[in-house]
1. For the chain, what's the radius of gyration and Dmax over Cα atoms, in angstrom?
2. Which of the listed residues, 61, 76, 15, is farthest toward the dipole's positive end in the range 3-90, when Lys, Arg count +1 and Asp, Glu count -1 at the beta-carbon?
3. Counting only helical runs of four or more DSSP H residues, what would the 222 nm mean residue ellipticity of the chain come to if each run contributes -39,500 (n - 2.57) and the total is spread over all its residues?
4. About the Cα centre of the range 3-90, what is the dipole size in debye to 20, counting +1 per Lys and Arg Cβ and -1 per Asp and Glu Cβ, all else neutral?
5. Give me the percent relative contact order of the chain, please, defined on Cα pairs under 8 angstrom at least 6 residues apart.
Amino acid sequence: MSEPDLRTRIKEMLVKNLMLQTTPDQIADDLPLFGPNGLGLDSIDALELVVSMEKTFGVRVPNSEVAGKALRTVNTIHDYILEQRATIRPTTANA
């Protein structure tokens, strides 16, 4: 999957699973997801986002420290997914 397609899927997941009152096209790749200067997501949204990432992309977020770094923007989610897939694939290929 190409990088723009992954970013689009992340935005679609955000809108659908968090029931945002916006469209995927309106979410900039570097827009903060949490706080008043971004989408304004809260801690409940963060939990839903973690579950959605696991269901949609097969990627786990093991703790709040990782979540704090990975869930800042669409770009950070994108990079985290690619990083996790890269670490998962070699062990799966050897099985």
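Quick note: the coordinates plus some simple rules give every number you see, no bench work behind them. From a predicted model like this one, the values you see are computed outputs, not experimental measurements. Cβ atoms come from the backbone with ideal geometry, glycine included; neighbour counts cover every protein chain shown.
1. Reported Rg and Dmax, both Å: 13.2, 46.
2. Checking the options against the dipole of the range 3-90, the answer is 61.
3. The helix contribution divided over the chain gives -20000 deg cm²/dmol.
4. Here the range 3-90 has a charge dipole of around 260 debye.
5. So the answer I get is 28 percent.
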